[in-house]
Amino acid sequence: MSAPKPAPGDRTVIGITFGNSNSSIACTNDDKAEVIANEDGDRQIPTILSYVDGEEYYGQQAKNFLVRNPKNTVAYFRDFLGKDFKSIDPTHNHASAHPEDANDTVAFTLKDKAGEDDAPSTLSVAEISTRYLRRLVTSASEYLGKKVTSAVITVPTNFTDKQKAALIAAAADANLEVLQLVSEPVAAVLAYDARPEAEIKDKIVVVADLGGTRSDVAVVASRGGMYTILATAHDYEFAGAALDKILVDHFAKEFMKRNAGVDPRENARSLAKLKLESESAKKALSIGANASFSVESMAEGIDFASTINRLRYETIGRTVFEGFTRLVESVIKKAGLDVLDVDEVILSGGTSHTPRIAANLKAIFPGSTTILAPSTSATAINPSELQARGAALQASLIQEYESEDIDQSTHAAVTTVPHITNAIGAVSVSESGEEVFVPIVPPETAVPARRTVIVPAPKNGGDVLVKIVEGNTHIKVTKPEPKANGDSKAAKVEDAGDSDSDFSDDEEEEEEKREKVWKIGATLAEAGIRGVKAGSKVEVSINVNADLSVTVTTREVGAKGGVRGTLSA
Amino acid sequence: MATVTVSLPLPSLPEGWLAEKDFKPIGKITKDGAIARTIEPIGPHFLAHARRARHKRTFSEDDR
Ligand SMILES: Nc1ncnc2c1ncn2[C@@H]1O[C@H](COP(=O)(O)OP(=O)(O)OP(=O)(O)O)[C@@H](O)[C@H]1O
Ligand SMILES: [Mg+2]
């Protein structure tokens with residue numbers, strides 16, 4: 001089927017996030033993004049299809065069939081789209097339909113027709129995706145009261161061109177026009193930046209997208225509302241499923257304490273029940289201090305009920321929780337940055353609801369870093385909704401564009417541009433008379449770029465020097481005074497770093513001090529502003545042009561004229 | 001973008017400082033001072049960037 005191409009005026013658009021575990025659909029209403037609840041009332045819709053007597057179920061209903069009808073239920077397939085059979089990891093498909101090799105691509109065999117004699121169908125992962133997307137679109141169309149024609153869909157940053165093409169084709173087969181594929185972490189950043197109260201600032205943002213089967217972290221330079229990914233990391237070991245597994249093992253052991261010799265993990269159906277209920281308990285522990293766990297006929301007809309408190313959960317899950325923190329640390333390092341460079345951490349994905357994860361991250365960042373998670377910030381957006389909201393916002397921004405215009409705008413000729421590596425700024429004087437760098441255009445800013453700052457003139461006014469320089473940061477480490485007994489402090493600090501933040505106050509005082517300081521680099525230009533009034537301020541504007549030439553404009557605030565000059569590239 | 005206001009003052013012009021039109025170019029950003037990276041094509045500010053790029057317009061032409 002050829003790709004649907006409605007005229008821009010005839011489109012009804014939505015944002016879609018299509019995950020291995022869950023998907024979401026979102027729309028905008030008066031420029032505000034809103035995640036749509038499907039007919040079951042779910043906003044996080046399990047990415048699962050199930051066939052029972054020829055009837056197709058999707059979402060939570062399909063997920064429930066993992067217990068009674070696992071063979072005809074297909075789950076965790078998104079990452080297989082556009083991939084060779086040889087390169088997939090089927091770990092998460094043990095308890096549902098198994099992926100098969102079909103001419104190198106991936107397929108599943110399901111009995112999707114009612115007749116007793118009807119043979120099961122072998123369905124490609126593309127076909128499964130099409131069927132699933134069709135359900136999402138139907139649900140969104142019902143909600144909106146008109147047929148959805150087009151969508152922006154989020155994809156992981158490591159989705160290959162082949163995977164993207166396969167997704168676009170699968171959507172086309174569901175009669176859905178893909179306006180654009182956008183990367184998951186940046187959709188999350190946009191969801192935050194689009195809030196009316198948001199200020200567009202230059203900042204370094206870390207997006208930790210912690211899902212069910214994978215965790216993806218990206219370091220994003222956010223510059224004047226434009227986003228450049230500096231580094232990414234992907235992990236398939238530390239994700240929500242690993243936390244489910246910990247609870248599965250915990251409750252299985254509890255069960256076995258009462259029923260010696262009966263391991264519910266050894267029976268497929270018992271294991272499926274155990275998994276579903278463990279996931280519910282895990283979610284409950286994100287809000288409450290306790291969670292109850294109860295399964296009818298858990299194994300051999302024995303009912304089972306138990307509880308777990310958050311402290312216990314955090315203890316048994318510690319290795320996984322630490323895995324998330326290490327993943328975040330590793331990607332910051334990969335970007336050549338330090339935790340002190342990070343202004344914001346956006347926690348995205350379902351697993352990000354977990355308070356311990358946010359608390360652990362908070363502990364490795366300085367107090368000035370904002371950790372945007374439900375447990376650390378009252379204004380945090382639901383992490384499960386960020387990507388779909390970002391996709392919906394983008395969809396509404398481009399819905400009137402001709403698809404050729406979208407293609408042109410997203411082409412490398414427009415998106416790949418020089419980014420300056422040093423900051424550009426002015427020089428101020430501190431109270432002690434030292435030169436201090438005032439950043440105007442931060443490093444990793446795409447050109448062309450334009451920034452303005454306002455700096456006070458010397459107290460008594462007069463002729464003022466505006467010195468434009470390059471600048472860069474380094475991390476200054478101040479080691480504490482060695483103790484009288486000659487104890488090596490370095491060893492102590494390392495110890496403290498590994499343990500939780502429960503060391504005593506006086507130990508905390510001994511910690512080394514790390515701070516980010518600007519260093520003044522090469523001088524680019526000087527400008528003189530004459531006869532500035534006492535108490536006045538000076539405005540300094542820098543334009544870095546596409547060819548890397550720089551235009552400096554500076555004047556006394558409120559005064560006419562001023563000085564303007566250009567540095568050739 | 002909002003204009004940032006800083007608190008520490010600028011220095012006074014040194015005695016005898018002279019330049020044509022009071023502007024003294026000294027350095028430049030070389031090719032080594034920049035690397036090619038990809039801006040994510042998303043959000044209103046990117047769309048404004050793309051519009052300027054496609055119509056070869058500058059910021060101030062775009063403001064008008
Ligand atoms: N409130 C909660 N507390 C803890 N974990 C949660 C909560 N809500 C959802 N999760 C977990 O989040 C994971 C799903 O994350 P998400 O919805 O972001 O899926 P996804 O992007 O499709 O995942 P992936 O592609 O990594 O499999 C599941 O492991 C789920 O149990
Ligand atoms: Mg995800």
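The values are calculated or read from the model by the stated rules, or taken from the named source; none is laboratory data. Worth saying up front: this structure is predicted, and the values here are computed from it rather than measured. Methodologically, a virtual Cβ is constructed for each residue, glycine included, from the backbone with ideal geometry; neighbour enumeration extends over all protein chains shown. Just the protein is used for accessible areas: all its heavy atoms, side chains included, with ligands, DNA and RNA removed. Shrake-Rupley method; radii C 1.70, N 1.55, O 1.52, S 1.80 Å.
A few remarks follow.
- Under a 5 Å amide H cut-off, with hydrogens placed 1.01 Å from N, A:Ile440 pairs with A:Ile424, A:Gly425, A:Ala426 among residues at least 5 apart or on other chains.
- Protection proxy ranking, peptides A:465-473, A:155-163, average beta carbon neighbours within 10 Å, highest first: A:465-473, A:155-163
- C-alpha long axis of helix A:125-144 to longest principal axis of chain A, angle in °: 70 degrees
- Note on chain A: with charges restricted to the Cβ of Lys and Arg (+1) and Asp and Glu (-1), its dipole about the Cα centre is near 880 debye.
- Sparse-neighbour loop sites [GluC sites (Glu not before Pro); the range A:1-83; at most 14 other C-beta within 10 Å; DSSP]: A:Glu39
- Note on A:Lys513 and A:Asp249: the extension gain reaches 90.9 nm, defined as 0.36 nm multiplied by sequence separation minus the Cα-Cα distance.
- Beta bridges per DSSP with both ends in chain A, % antiparallel, nearest 5: 85 percent
- Our coupling estimate for the range A:324-341, obtained by passing each phi through the Karplus curve with A = 6.51, B = -1.76, C = 1.60 and θ = phi - 60°, is 5, 4, 4, 4, 5, 4, 5, 6, 5, 5, 4, 7, x, 10, 10, 4, 5, 7 Hz, Gly and Pro reported as x.
- FRET efficiency estimate (nearest 0.05) - Cβ-Cβ, A:Thr416 to A:Lys147, R0 56 angstrom: 0.95
- Vicinal HN-Hα couplings computed from phi for the range A:245-257 (Karplus, 6.51 cos²θ - 1.76 cosθ + 1.60; Hz; Gly/Pro x): 4, 5, 6, 4, 5, 4, 6, 4, 5, 4, 4, 6, 4
- Partner chain coverage, peptide A:389-395 - average Cβ within 10 angstrom: 2
- Residue order by solvent-accessible surface for A:Leu167, A:Leu311 is A:Leu311, A:Leu167, largest first, with ligands and nucleic acids left out and a 1.4 Å probe.
- Magnitude of the charge dipole for the range A:240-318, about its Cα centre and with charges confined to Cβ atoms of Lys, Arg (+1) and Asp, Glu (-1), is about 260 debye.
- Taking A:Ser330, A:Ser24, A:Ser430 and ordering them by how much accessible surface each has at a 1.4 Å probe, largest first, produces A:Ser330, A:Ser430, A:Ser24.
- Nearest-0.05 FRET efficiency for A:Thr91 and A:Ile520, computed from C-beta distance (R0 60 Å): 0.70
- As a fraction of the 1.4 Å probe accessible area of chain A, surface on carbon and sulfur atoms comes out at 47 percent.
- Report note on the peptides A:384-396, B:50-62, A:177-189, A:541-553: ranked by the mean count of other C-beta atoms within 10 Å, highest first, their order is A:384-396, A:177-189, A:541-553, B:50-62.
- Largest to smallest in accessible area, the residues A:Arg564, A:Arg78, A:Arg135, A:Arg514 fall in the order A:Arg564, A:Arg514, A:Arg135, A:Arg78 (1.4 Å probe, all protein chains included).
- Each label point was placed 7 Å from the Cα along the Cα-to-Cβ direction; for B:Ile26 and A:Ala569 their separation is 2.4 nm.
- Averaged over the residues of peptide A:520-529, the number of Cβ atoms from other protein chains lying within 10 Å of each residue's Cβ is 5.
- Take the Cα of A:Glu300, step 7 Å toward its Cβ, do the same at A:Glu404, and the gap between the two points is 7.2 nm.
- The string of couplings for the range B:47-53 from the Karplus curve (6.51, -1.76, 1.60, θ = phi - 60°) is 4, 5, 4, 4, 5, 4, 5 Hz, one whole number per residue in order, with x for Gly and Pro.
- Reachable lysines, given that their alpha-carbon falls under 29 Å from the alpha-carbon of A:Lys513 and they are not under 8 places away in the same chain: A:Lys201, A:Lys203, A:Lys333, A:Lys334, A:Lys362, A:Lys476, A:Lys479, A:Lys483, A:Lys489, A:Lys492
- For A:Thr445, residues with placed amide H under 5 Å, excluding near neighbours: A:Ile420
- Its relative contact order, with pairs defined as Cα atoms under 8 Å and 6+ residues apart, puts the range A:240-318 at 27 percent.
- Probe 1.4 Å, protein heavy atoms only - accessible area per residue of the range A:128-193 in square angstrom: 30 Å²
- Estimated purely from DSSP H runs of n ≥ 4, each contributing -39500 (n - 2.57), the mean residue ellipticity at 222 nm for the protein assembly as shown is -9000 deg cm²/dmol once divided by its residues.
- Leading residue at positive end of dipole, chain A (Cβ point charges), from A:Gly350, A:Ile420, A:Val248: A:Ile420
- Total accessible area lost when A and B pair, probe 1.4 Å, Å² to nearest 100: 5700 Å²
- Modelled spin labels at A:Thr379 and A:Asn175, positioned 7 Å past Cα toward Cβ, are 4.3 nm from each other.
- Segment A:Glu199-A:Glu431, extension gain: residue separation times 0.36 nm, minus the distance between their alpha carbons: 80.5 nm
- Inter-chain neighbour count for A:406-419: the average number of beta-carbon atoms from partner chains within 10 Å of each residue's beta-carbon is 5.
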